[in-house]
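The values are calculated or read from the model by the stated rules, or taken from the named source; none is laboratory data. Treat the numbers as computed from the prediction; the structure is a model and nothing was measured. Here the Cβ positions follow ideal geometry from the backbone for every residue, glycine too, while neighbour counts run over all protein chains shown. Side chains included, ligands, DNA and RNA excluded: accessible areas come from the protein's heavy atoms. Shrake-Rupley method; radii C 1.70, N 1.55, O 1.52, S 1.80 Å.
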Amino acid sequence: MEKKNIDWSNLGFSYIPTEQRFVSNYKDGAWDEGGLTADANITMSECAGVLQYAQTCFEGLKAYTTEDGRIVTFRPDLNAQRMVDSCKRLEMPVYPVEKFLAAIDAVVGANAAYVPPYGSGATLYIRPYMFGISPVIGVKPAQDYQFRTFVTPVGPYFKGGAKPITIRVSDFDRAAPNGTGHIKAGLNYAMSLHAIVNAHAEGYDENLYLDPATHTKVEETGGANFIFVTKDGKVVTPKSDSILPSITRRSLMVVAKEYLGLEVEHREVYLSELKDFAECGLCGTAAVISPVGKIVDHGEEICFSSGMEKMGPVIQKLYDTLTGIQMGRLEDKFGWLHEIK
């Protein structure tokens, strides 16, 4: 299979249309079989539930070309289950796990020529999403829904290497107690837009959101979970009912313990203890790990000993190991890679 004539090494992290996407419709209480289409456009009522009351959720994962030439996705079953959880919380019909996985296989397979070659630093980003499509004027769930998946080739999140970023402790709340912070709802990200634009205007790369109830505990940023390393090498991630359960974060904790032999801890992390950590990173699908060099809490600088020049040594090992598994360079001990036939 011949790859598309694309300058893979100079791709950015932005949308490039590909040839096929998958579409399935929910009507009269059931999902249809769905299928591939070349049409990238969506036609819906001006009163569609997604437009009126933001009834939508999504997922994000990637396809890779491994060292031996296979095309694989990474733990897509966890994305499928997380979408199930999102749908239940938003009163949307669940898209079955097996159908979700089949849709991913179909759309990646149909666009295999857009999966960047091994060693290019680029990947194929996969975006499954669902939304209420029938007209809704009263505040209630829609009756009809559409599930779609498109793919787009993207470049490495960091061009020229991952330089540590500076983030601030935000005065905004990302989620409400007992709200929707634990699901991947579009509305959560809309709520974060003002805060991230404001942070950028003030010279910061991201926001650190505290727990909405007490404003004393670390939660996450607008789109990534935190990972910390103690001075004696223990890997710590914050625990909260309003944090999105990042698949990358969960995988990194297994990598830390099972591949690197490190002690791991998933617990509440207080703002007051950040000064005691040696390393800090943000983890998610796009960048795997973004190193953090400094956190600013209303003028007080919390500087990590790993510095502002490069990833800290433990976070670098975590990054190298996880990407090594994803690219087929290291043994996949737990069957995380799913090959697209």
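Points to keep in mind about this one:
- As for the range 248-262, it holds at least one residue that is of a type in the set (D, E, K, R), open to solvent by 50 Å² or more (accessible area, probe 1.4 Å) and more than 18 Å from the chain's Cα centre (by Cα).
- Scoring PHE334 on the criteria (1) closer than 20 Å to THR216 by Cβ; (2) part of a loop (DSSP other than H, G, I, E, B) leaves a single failure, condition (1).
- Scanning the range 293-315 for residues that are part of a loop (DSSP other than H, G, I, E, B) and in contact with an Asp or Glu (Cβ under 9 Å, 6 or more places away or on another chain), we see that the one that is farthest from ASP232 (Cα to Cα) is HIS298.
- One residue from GLU279, GLU265, GLU258 being touching a residue at least 12 places away in the same chain (Cβ under 8 Å), of a type outside the set (Val, Ile, Thr) and in a helix (DSSP H, G or I): GLU258
- Selection from the range 167-202 of residues that are among the hydroxyl-bearing types (Ser, Thr, Tyr) and farther than 12 Å from SER86 by Cα: SER170, TYR189, SER192
- Applying the criterion of being open to solvent by 30 Å² or more (accessible area, probe 1.4 Å) and out of contact with any helix residue (DSSP H, G or I) (no Cβ under 8 Å at 6 or more places or on another chain) to the residues of the range 226-245, the residue that is farthest from HIS215 (Cα to Cα) is ASP232.
- Number of the condition not met by SER290 [criteria: (1) outside any helix (DSSP H, G or I); (2) open to solvent by 30 Å² or more (accessible area, probe 1.4 Å); (3) not β-branched (Val, Ile, Thr)]: (2)
- Any hit, the range 99-122, residues being without any contact (Cβ under 8 Å) to a residue 60 or more places away in the chain and at positive phi: yes
- Residues of the range 293-325 satisfying the condition of being open to solvent by 10 Å² or more (accessible area, probe 1.4 Å) and either in contact with a helix residue (DSSP H, G or I) (Cβ under 6 Å, 6 or more places away or on another chain) or under 30 Å from ILE71 (Cβ atoms) (or both): ILE302, MET311, GLN316, LYS317, TYR319, ASP320, THR321, THR323
Per-residue answers, yes or no, for (1) open to solvent by less than 20 Å² (accessible area, probe 1.4 Å); (2) among the hydrophobic types (A, V, I, L, M, F, W, C):
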| site | (1), (2) |
| --- | --- |
| VAL97 | no, yes |
| ALA102 | no, yes |
| PRO117 | no, no |
| ILE126 | yes, yes |
| LYS140 | no, no |
| PRO156 | no, no |
| GLY161 | no, no |
| PRO164 | yes, no |
| ILE167 | yes, yes |
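- Taking the range 275-285 as the range and being surrounded by 19 or more Cβ atoms within 10 Å (Cβ to Cβ) and either among the hydrophobic types (A, V, I, L, M, F, W, C) or more than 16 Å from ASN207 (Cβ to Cβ) (or both) as the test, the residues that pass are PHE277, GLU279, CYS280, LEU282, CYS283, THR285.
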